[in-house]
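Undergrad: To start, I am sharing the structure in question, which I have written as structure tokens.
The values are calculated or read from the model by the stated rules, or taken from the named source; none is laboratory data. If you're wondering where the values come from, they're calculated on a predicted model, not measured in any experiment. Cβ sites come from the backbone with ideal geometry, for glycine too, and all protein chains shown count toward neighbours.
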Amino acid sequence: MAQKTKVSNAGKTEMLDAVESKSLKTDIPHFEMGDTVDVRCRIKEGDKERIQVFTGTVIARRGRGINETFTVRRIVANEGVERIFPLHSPNVIDIRPVRSGKSRRAKLYFLRERTGKAVRLAHRHGDHTVTE
């Protein structure tokens with residue numbers, strides 16, 4: 001009968017990190033909660049492929065490593081639309097911070113109840129947004 005070798009949790013984490021590190025993106029820009037971002041993602045429809053831009057406010061960021069995701073919310077035709085993007089997905093081509101918003105919370109779920117101009121956050125003058 002074969003002997004099973006025990007691997008500690010720290011050993012498992014190190015092995016997983018080593019495997020995941022090959023799939024991690026290195027060119028991710030700095031963005032925080034409340035920032036308005038342009039997310040360019042690859043959309044496949046049948047045999048065609050196109051790039052779609054989703055612009056909205058980052059309301060959540062969770063996970064670590066390959067499992068890290070962020071949630072972007074925007075209003076379309078008076079209806080709130082949220083998308084959860086995997087940060088290291090090959091279908092997420094580019095993330096561009098457009099405007100930084102002032103926030104004192106880790107998760108901005110309170111924006112779901114707001115409508116109209118109340119959804120906008122105060123502008124924070126940061127140097128990590130795109131100026132074009």
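Undergrad: Just to be sure I understand, how many residues within segment 86-104 are of a type in the set (D, E, K, R) and under 16 Å from the mean Cα position of the chain (by Cα)?
TA: Total meeting the criteria: 3.
Undergrad: Within segment 4-54, track down each residue that is assigned to a loop (DSSP other than H, G, I, E, B) and of a type in the set (Lys, Arg). Step through it out loud before you land on a result.
TA: Here is the first cut: in segment 4-54, the residues assigned to a loop (DSSP other than H, G, I, E, B) are 4-8, 21-35, 46-47.
Result: Lys4, Lys6, Lys22, Lys25.
Undergrad: Name the one entry in Thr71, Thr57 that is touching a Leu at 6+ places or on another chain (Cβ under 8 Å) and part of a strand (DSSP E or B).
TA: Details: Thr71 fails: touching a Leu at 6+ places or on another chain (Cβ under 8 Å).
Just a single option satisfies the conditions, and that option is Thr57.
Undergrad: State whether one or more residues within segment 72-93 are under 17 Å from Pro29 (Cα atoms), surrounded by 14 or more Cβ atoms within 10 Å (Cβ to Cβ) and among the charged types (D, E, K, R).
TA: Within segment 72-93, none of the residues are under 17 Å from Pro29 (Cα atoms), surrounded by 14 or more Cβ atoms within 10 Å (Cβ to Cβ) and among the charged types (D, E, K, R).
Undergrad: Kindly evaluate Arg112 against the criterion of being part of a helix (DSSP H, G or I) and loosely packed, with under 13 Cβ neighbours inside 10 Å.
TA: When the stated conditions are applied, Arg112 passes them.
Undergrad: Let me ask something else. Touching a helix residue (DSSP H, G or I) at 6+ places or on another chain (Cβ under 8 Å) and either at pLDDT 95 or above or under 13 Å from Pro86 (Cβ atoms) (or both), is that true of Ile59? Walk me through how you get there before you give the answer.
TA: Details: touching a helix residue (DSSP H, G or I) at 6+ places or on another chain (Cβ under 8 Å): yes; either at pLDDT 95 or above or under 13 Å from Pro86 (Cβ atoms) (or both): yes.
Yes.
Undergrad: Return yes when Val72 is within 14 Å of the chain's Cα centre (by Cα) and without any contact (Cβ under 8 Å) to a residue 40 or more places away in the chain and no when it is not. Walk me through it before giving the result.
TA: Values: within 14 Å of the chain's Cα centre (by Cα): yes; without any contact (Cβ under 8 Å) to a residue 40 or more places away in the chain: yes.
Spelling it out, Val72 is indeed within 14 Å of the chain's Cα centre (by Cα) and without any contact (Cβ under 8 Å) to a residue 40 or more places away in the chain.
Undergrad: So which residues in segment 23-56 are among the β-branched types (Val, Ile, Thr) and either at pLDDT 95 or above or over 11 Å from the mean Cα position of the chain (by Cα) (or both), if there are any at all?
TA: Those that are among the β-branched types (Val, Ile, Thr) and either at pLDDT 95 or above or over 11 Å from the mean Cα position of the chain (by Cα) (or both): Thr26, Thr36, Val37, Val39, Ile43, Ile51, Val53, Thr55.
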